[in-house]
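These notes concern the structure reproduced below.
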Amino acid sequence: MNSAGNETTGASVGVRCWRVVSLAVAAFISLLLTVDPYVLRNIPDLRIHTGLPLIMLGVSGLFMHGLGLYAPTRAWRIACHPVVAWSLLMAGVLVVTG
């Protein structure tokens, strides 16, 4: 008997490690931008307003991956895939840092 909320119990050690890394990175970036938003003060506004939404979408995806979200449909599984989240995060960081 396998319930939808119990999908991560059979995950391998490598998958669990990547989930921990995803959760830690998401928590760190969220905490950094919440506690010290002035970390971005020397970056032009256009780059911030272009890259920050990508970063936030990536962080949201990393939180979903790190917490073990089980998406019920194929479209949501693709949208919430960790590769998509990491790609969005990296694209946003590249846009913001120039």
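See the values below:
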{"quantity": "Apportionment of accessible area to carbon and sulfur, the chain, percent (1.4 Å)", "calculated": "70"}
{"quantity": "Mean accessible surface per residue for the stretch 6-98, computed with a 1.4 Å probe while every protein chain stays in place, in Å²", "calculated": "67"}
{"quantity": "Check: the chain dipole with +1 on Lys, Arg Cβ and -1 on Asp, Glu Cβ, in debye", "calculated": "160"}
{"quantity": "Whole-Å semi-axes of the ellipsoid equivalent to the chain (Cα gyration tensor, √5λ, descending)", "calculated": "29, 14, 10"}
{"quantity": "In degrees, nearest ten, helix 45-67 long axis to first principal axis of the chain (Cα)", "calculated": "20"}
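The values are calculated or read from the model by the stated rules, or taken from the named source; none is laboratory data. Given the structure is predicted, the values throughout are model-derived calculations rather than measurements. Please note: Cβ atoms are built from the backbone with ideal geometry, for glycine as well, and neighbour counts cover all protein chains shown. Areas reflect the complete protein model, heavy atoms only, side chains present, ligands, DNA and RNA absent. Shrake-Rupley method; radii C 1.70, N 1.55, O 1.52, S 1.80 Å.
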